[in-house]
Structures are given as C-alpha cells and as structure tokens.
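To keep things clear, I will list the structure first and then write my remarks on it.
The values are calculated or read from the model by the stated rules, or taken from the named source; none is laboratory data. This one's a predicted model, so the numbers in the text were calculated from it and none came from an experiment. Heads up, the Cβs are rebuilt from the backbone with ideal geometry, glycines too, and the neighbour counts pull from every protein chain shown. Note: accessible area is taken over every heavy atom of the protein model, side chains too, but ligands, DNA and RNA are not part of it. Shrake-Rupley method; radii C 1.70, N 1.55, O 1.52, S 1.80 Å.
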Amino acid sequence: MKGIMKSLAVTMSTFMRRPVTRNYPTVHRELPERDRAFPLLLWDQDIDEPFCTGCHACERACPVECMTVLMKDNPNHEAQGGTSKRRKIVDEFWIDYGRCMRCNICVEVCNFEAIAMNNTWRGHEMSVYDRADLVMDLPQLMSQSKAKEIDEWVAD
Amino acid sequence: MSDGIFGIENTWLDALIRVQLIVGLMTVVVMGLIYIERKVLARFQQRLGPTRTGPAGLLQSLADALKLVGKEDLRPRNADPWTFELAPYLVFVPVFLGFVVVPFVAGWQVRVVELGLIYFVAVSSLSIIGWIMAGWGSDNRYAMIGGMRAAAQGISYELPLVLALISVAMVADSYDLNQIVAGQSKYPNIVWQPLVVVVFTIAGLAELNRTPFDIPVGESEVVGGPFVEYSGIRWSFFFLAEYAALFILSLIFAAVFLGGWAWPLGEDWGRGWQLVLVSVKAGSFMFLVFWVRVSVPRLRIDQLMSFSWKILLPLMLVQILINGAVLVYHGSLWILTLAGLVGIAVLVKLVGHAVSQPRSKVVVAAPAEGKAAS
Amino acid sequence: MVTEAAPEFETQDLLINVGPQHPSTHGVFRMVLEVDGEVVKGLVPYIGYLHRGAEKLCENNDFRQGVGYMDRTEHLAAHNAELSYVMAVEALAELEVPARAQWIRMILCELNRLSSHFMFFGAFGIDVGVFGTPFIYAWRERETLIDLFEEISGDRMMYAYFRAGGLAWEVPANFKERVREVLKSSRQGVKDFDGLLTENEIFIARTKNVGSISAADAIEIGMSGSSLRASGVDMDIRKTEPYLFYDQVEFDVPLGKNGDVFDRYYVRLQEMEQSMRIIEQCLERLEDGPIMPEKMPRMLRLPEGQEVYIRTEAPRGEYGVYLVSKGGNKPWRLKVRSACLSNLQALKQMSIGQYVADAIIILGSIDIVLSEVDR
C-alpha cells in the first residue's frame, strides 16, 4: 500500500504544476534559429534576382534526387549592361517536398549560399490535399525570401 | 412517506414526476461528469483537456453525444438479436433503479424505502447480467471472454461491497438511508468503521470497472472488451451507465460514511447549504476515483480475483463479527475505531505479503518441434 | 456413480492475433499467440512491415548522404546510429577526429540515451495499464531534450549531424548552459518515474518474476544492452571496448538479478542516472577546438578491399555497422547489426508459460523500435 501512496503523491505533485502543453494552432512556439524545415531559394535584394545560378551542385548532392534544375544565360549580366556579376542564372527549379528528407546537404554544398532551410512556421505547415501540390516550382521557392519574410541560418 | 412534490397528492403522479426529474438530472450530470473527468485527468498529467468546443471546452460532451447519435447502428449478422439489443438496457436501467432510494438532501428522493440499502445492492448487481449478455450476444469470442471476465469480477467484488454496507448498517442500526444519515449528526460513520471505508472504496472501484480493476474495459491491450461490437448510441449507454454508477456510488459514500447533509452542519442550515455539503463530499470521492485511475497500473484478472476472495472477504467477515460483539454487549464504539485501524494495518501487511510472493510458473508442455503455428 | 473414466474433452487452442496495429506504440509488429485458456503456449512473431531497404539505399549514397539514412534506422536514438556509421567510415579512412568533436558526440549520444529511455518508460507505462500519466511525463521530458537537439542540429529527430571526421557544424554558444538546464529537468523526470512506478505494489505484482530469462539463455540468443544486463550479465561495450572517451569518465553499469520485466525496467532507470553522471563529467572536460580534422578531403574516398565492423552501445543494445568498401566514395556493402532484432528473438522464450495479459508487457519490456528491427 505504501507504494501506491507514493504513486498517488507523485501524481498529486504534478497536479500542482503548470500545464506544459500549448494550444496549437492558436499559439505557436518560437522556433530556434537553426530549425530545419524544407529548402527554399534566397533572393538577392540588392540586385533583385536570385542568388542561384543553376549550377546543379545541390541536385547532384541530394540523396533522394528530389530536385530538378535548369540554368540559362543571365540577361542581367554586366556584359549586357546589367548590374549582376552572375553569368548564368537559374531558369527553372523544382523541389519535390514529398521526397526531400531535409538532410541539409544541398545547403552545405552550395557555393553561392543560394539555398537555405526554411526556419519559419510556414515551412512546417505544409499540408496539401493533392500530393502533386508538394512539388514546388521556382516562384514558390523564392516567394518567402523575396518578401523578406525569412531570416535564414546557414552554417559556416 | 414524504410530502408530494409540488404539493401533488396523487402518489403515482408524484412518483412519475420524481422519476422524470431524476432521469433528466442524470443525463445532464453524466455529461458534466465526463467533462470534469477529462479536465481533472488532464490536470494530473500537466495538460489542458478539452478547450476548444464551447467556452473552455464545456460543450465537449454534447459534441461527443451528437457524434455518437449520428453513427451507423451496426449489428453483426450472427449476433443473437434479442440478447444483443437488450444488453445495453440491462446495463443502465438497474443503475437508474438504484436512484429510487438515494437521498440528495433530506426529503429529496423518489421514495423512502425502509430497506433502502438492501434494495440498492440488490438492484445494482443486475447490471452484471447485462455485461454477460453483451459479451455473449456479440458473436465474437473475444467479446465473450471479456464479458465473462467482467461478470467474474463483478460477482467477486459484490460480496465485500455488500458486507461493507451491512457493517455500516449494523452500526447505524437501520437500512434506511435517511436514518443512517440522520444518525451521523455527531460523528460520521468513517470514525467508527475506517477499515470498511477502505474496503468499500476498493470494491466500489471494482464494481465500476475502473483502474486498477479495468481489465474488462482495458482489454484493448490484446482484444476488445465486451462492447467491441457496439457502436453509436448503444455504446454510449454503457458509458452512461458507468458514469451514472460512479455518481450514485459517490452519493451513497457521502451519505453512509461521511454523514451526508447532517454532519457537520445539522438540520438547521437550509437545503441549499446541505446540497453544497453533499456535493463536496460526493465530489471528493469522485476525485479520489480519478486520482487512482491516473496513478496505478492495472491488475491481472487472477490477481484481482484472489485479492477479493482471499483478502477482502475474510477481513469483512471478521469486521462483522467484531461489530456484532461490540454492539450486542453495548461496548464503547471506540473499540470499533481501534479494530478498524488495526484492520487497515493487517490489510496493508497482507497486500505486501501477497505482492512479494514469487509467482508460480505455469508448467506447459513444450510445443512440438517443427510445428508451424500460422 | 461413475463407472468408467470421464471422457477426455477435446480442447482447441485459441489463436490470438496481436495485429500490426496496436494500442501500445511499438510500431508495426504482429505476433500470433497460441493460447490454452489463459496461458501462452506458442508465439510466432511477424516482422517486416517497416522494411525500407535502408542498407541497399546506402550503397548508392556517399558517406555524407548515408548519415541521413542511418538515423532513420533507429529514430529514437538517432545519434547513436549515426555514431556507429561515422566511426566505421573513420576507421577505414583512418581519420583522426578532434577531441572537441568527440566530447560533443559523447554528450549527444548520452542525451539521446536519456530521451530513448524516457520513451521506453512512456510506452511501458501504457502497457502496464496506467492511464496516460507515464506517457505524458515521458513526452514532457523528451520535449526538453529534443528542443535542445533542435537548437543544435535543426531537426528534432532525424539529425544528420555527425559527419565522418567530426560534426557538421559548431554547436551554439550557449551549449553548456542549455545542457545543464536540460539535465535539471531530466532529473525531475527520472524522480517522477521512480516515485510513480518502482515501489507501486500493483506494478511489482505485475512485473516481478514475469518473463524472466536466464543469463545463459540470454547470451545464447544473442541479446545485448539493458535486457542482457537485467539478467545479470556484466556486458557493456562502453566498458569492454571503450570508444569516444568512455575510458576517461567514471560511471557504473547497473545489473539486474532475475532478468524479469521489473529488472529490465529498473536497469534502465538506473542507466539514466549514470548517463546524467557521464554528461556532467563531459561538460567539465569539454574544451575549445576544431570540430573537423584540418586536411579533410572534399569527397571522401575509402581505400579498396577493406572491411570493418564497429559496434557501439546504443540504448537498445549493441548497434553494429559492418562496412565493406571496394574503393570509391560509396560503400560496397553496409550491414547494420540491429540490437532490437536480436533481442526480439528472446520474446518467444520469455512468453511461453506466461499469461496472455503479460505477453504485452514482456514485449514492451524488451524495448524494441521497429524501424531498427526491419531497417
């Protein structure tokens, strides 16, 4: 009986403590800086074009082969009188979020720091009704950075 | 005989109205109890419980009831029609029948019955037939196993429960619940019969099929319980019966052991305060039931049965003997208190002894080599 | 008056299917119990519901990509799984891992042992029948631990943080303070579990002398980890073949006596306290420094014709990685020696002769995670 009394005492002590649950989705907890949701592309705000040059490094490094990249000549290049130093720029970019395993390797191999993991809540709340909607194309991948809604973290 | 409610003279009409009041009250109370249980259990576990449906989740039970009403009423093809259909009624009607004698406050009961306690015990054990019918009528061997276990448990713990109530009736010198409560104006019966209170709580938990005795209902570890084939509103009858039984047992506990409305306030405080007092007492028993649910593991069926037959029953028989001896020879009632406390110490010792016994390993013939059971 | 012997009644054994979907959260595992009345006479386990071909997939991935697959083979103790893999690669490539990386790896592996054992208590508590309380306590403690992991590596369960040679990136600046905070709350969690279950008479009645296995049988079956130590065998890879810096810290190895369910539970409880002791010592010895060796090749290639077997003490037992390389940057063959699969072999022997209601508890006490059994 003494052991049962001890169990009762333990549960009574937790009765007195504050609840540890949060009422999601009314309340969102704060995500740490390094939180790793799905990858997205970064927008160079100074020159107004993506950082990504379409060099295929991340596409090759991806373990699950979830990316497809196409590059084109940059119409904004200095040689043609533009403002950018990038000779090539990304033309099309698809990432299948359904296959991505969020391993961060694409971020590590990128030479231009053009891709980063989404560390906001929008990266986590990705429920869709149709699996094909999980394949993100270039405008979708760039939208959050273009609108300055992300403060990304990339390891040195 | 009490005065007619609302001043109605015709006893049949009066009884009918009282019964309707009880039924209406019970439905609301049960829904409230389900909500309270969920909230209290959640607090024990440092979480919140229902918060979204309605303000602070108050409409959660209503939402659950609506959902259950909307479900399809399934019946297995080979289920025995009469047994299957009648089982839910046989489980919850006896509980409501028990309400006939339970007094909420002085004078607020359906009918004053002189053998009130006996009537209550007799009627509440009818639910066991309902459990067996549910198990057998489902045409499912696992349901039948569950039903048999529930029945075995129910019958085994009926005896200590009845003997506990009889012990208290001996001390109070009456079976009428009103008289028992009135006789506690100086000291509640818990002072005279501490061991009986403990045994009543344990046996009550077993009758309600609550942890640690919820093997029939927690059968979902391996198979479903006896209610596995029921769906929708039929299933909710069993649920309703469980909470109604909890409510009624709490009221009986408050009336018989804690003094109901008579202690410590007495008759001169108004009905309102007496109702509050009874609610506090019944509520504390319910809180104890929830608290135990959240803290202790489940007993296995053989451990459960041996606990009842080998420990609780002998203790209760000895208690009745001592009660009889003290009352017949007009001894001081404080001897009973002493005997009760000694009895609790003996119970603790016996439980500790039973737990530390090594389990006898069941010898089983080794399965034949190479036999593939698929 | 009986003039002749009563006829023998023909009884048929009942086959109970504990299906792939359980209320107890062990994963998709199926077992068929052959039951005579209430007693288990035979047991046939069915596995393979979670087989994803992780070992084959790793053959197409180089040594950085494979880490992500390894932590999916044991999702509750992912750091330990990654550790075996990167240690195997480092052994073949003869890389020297800097000290700071080793200390941090040790801290993370022991923290992962804590979180894995918390999960065990949660699931085990539900099996024994307590309504939800141990489960909520377990998740309360796990939340603090995986919040810490999220701050370090970015992910809550599939870290992909270890690399061959060291770590992927540096830990945050407040690492030591955060670990100490987490240790404080884990101590409270262990105390809660201890008070809730260890001395509870009903718990003892349910778990003592149930599902026992002797030391000789356990060794013959090939068990390892806490389940083996609960039978009294003093075998801990951290002591017998120390890796990382386990030979430089002091800790005890708790042993059980009977090898029953209660001992397996109690050994794990004590292991958690020892883990916290190890973490504290590591925090004091942690110094600054690099986390990757200086001359780290861009694409790691292993010499040809080499093979290695590295084993570590994962929370569930001996998690071994057998790596064969034939040159190149991808393994030729990667085999994972799964602790849970070997421990699961003992299930039949432990359950025969016990009651049906105990078979679930016995399964819970071995502490399996199906992603490791099936890979």
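B:Trp334 fulfils the conditions (1) open to solvent by 40 Å² or more (accessible area, probe 1.4 Å); (2) away from chain C (no Cβ under 14 Å); (3) at pLDDT 85 or above except for a single criterion, (3). Exactly one residue out of B:Pro103, B:Pro94 is modelled with pLDDT of 85 or more, away from chain C (no Cβ under 14 Å), open to solvent by less than 20 Å² (accessible area, probe 1.4 Å) and in contact with a Gly (Cβ under 9 Å, 6 or more places away or on another chain): that is B:Pro94.
Within the range B:108-158, the residues that satisfy the criterion of being over 21 Å from B:Ala244 (Cα atoms), open to solvent by 10 Å² or more (accessible area, probe 1.4 Å) and touching a residue at least 24 places away in the same chain (Cβ under 8 Å) are B:Glu114, B:Leu115, B:Trp136, B:Asp139, B:Asn140, B:Tyr142, B:Met144, B:Ile145, B:Arg149, B:Ala152.
Only residues that are under 22 Å from C:Ser231 (Cα atoms), away from chain B (no Cβ under 14 Å) and modelled with pLDDT under 85 were counted in the range C:326-366, giving 0. The condition of being assigned to a helix (DSSP H, G or I), within 14 Å of another protein chain (Cβ to nearest Cβ) and crowded, with 21+ Cβ neighbours inside 10 Å holds for only one of C:Asp71, C:Asp147, that being C:Asp71. Looking at B:Arg75, is it open to solvent by 50 Å² or more (accessible area, probe 1.4 Å), more than 14 Å from every other protein chain (Cβ to nearest Cβ) and touching a Pro at 6+ places or on another chain (Cβ under 8 Å)? Yes, satisfied.
Look at (1) within 14 Å of chain B (Cβ to nearest Cβ); (2) part of a helix (DSSP H, G or I); (3) of a type outside the set (Gly, Ala, Ser); (4) open to solvent by less than 10 Å² (accessible area, probe 1.4 Å) and you find that C:Ile126 fails only one, number (4).
Looking at the range C:171-237, the helices (runs of 4 or more DSSP H) lying wholly inside it that each contain 1 or more residues that are within 14 Å of chain A (Cβ to nearest Cβ) sit at C:175-193, C:201-207. Kindly indicate whether A:Cys62 is in contact (Cβ under 8 Å) with a residue 40 or more places away in the chain, touching a strand residue (DSSP E or B) at 6+ places or on another chain (Cβ under 7 Å) and open to solvent by less than 60 Å² (accessible area, probe 1.4 Å). Spelling it out, it is not the case that A:Cys62 is in contact (Cβ under 8 Å) with a residue 40 or more places away in the chain, touching a strand residue (DSSP E or B) at 6+ places or on another chain (Cβ under 7 Å) and open to solvent by less than 60 Å² (accessible area, probe 1.4 Å). Here B:Glu9 clears all of (1) at pLDDT below 80; (2) open to solvent by 60 Å² or more (accessible area, probe 1.4 Å); (3) part of a helix (DSSP H, G or I) except the condition numbered (3). Listed by first and then second residue, the pairs linking a residue in the range C:321-334 that is under 10 Å from C:Gln306 (Cα atoms) and touching a residue at least 40 places away in the same chain (Cβ under 8 Å) to a residue that is open to solvent by 30 Å² or more (accessible area, probe 1.4 Å) and of a type in the set (Ser, Thr, Tyr), with Cβ atoms under 8 Å apart and 6 or more places separating them unless they lie on different chains, are C:Leu323/C:Tyr309. In the set A:Cys106, A:Cys110, only one residue is in contact with a helix residue (DSSP H, G or I) (Cβ under 6 Å, 6 or more places away or on another chain), buried (at least 18 other Cβ atoms within 10 Å of the Cβ) and within 12 Å of chain C (Cβ to nearest Cβ); that residue is A:Cys106. Restricting attention to the range C:261-282, does a residue exist that is at pLDDT 85 or above, farther than 24 Å from C:Leu363 by Cβ, not in a helix (DSSP H, G or I) and not polar (S, T, N, Q)? No: the range C:261-282 contains no residue that is at pLDDT 85 or above, farther than 24 Å from C:Leu363 by Cβ, not in a helix (DSSP H, G or I) and not polar (S, T, N, Q).
Flag: A:Thr53 does not match the condition of being β-branched (Val, Ile, Thr) and either within 11 Å of another protein chain (Cβ to nearest Cβ) or without any contact (Cβ under 8 Å) to a residue 12 or more places away in the chain (or both). Number of residues in the range C:247-278 that are buried (at least 22 other Cβ atoms within 10 Å of the Cβ) and farther than 15 Å from C:Pro315 by Cα: the value is 6.
Counting the residues of the range B:258-282 that are surrounded by fewer than 14 Cβ atoms within 10 Å (Cβ to Cβ) and either modelled with pLDDT of 90 or more or touching a Phe, Trp or Tyr at 6+ places or on another chain (Cβ under 9 Å) (or both) gives 4.
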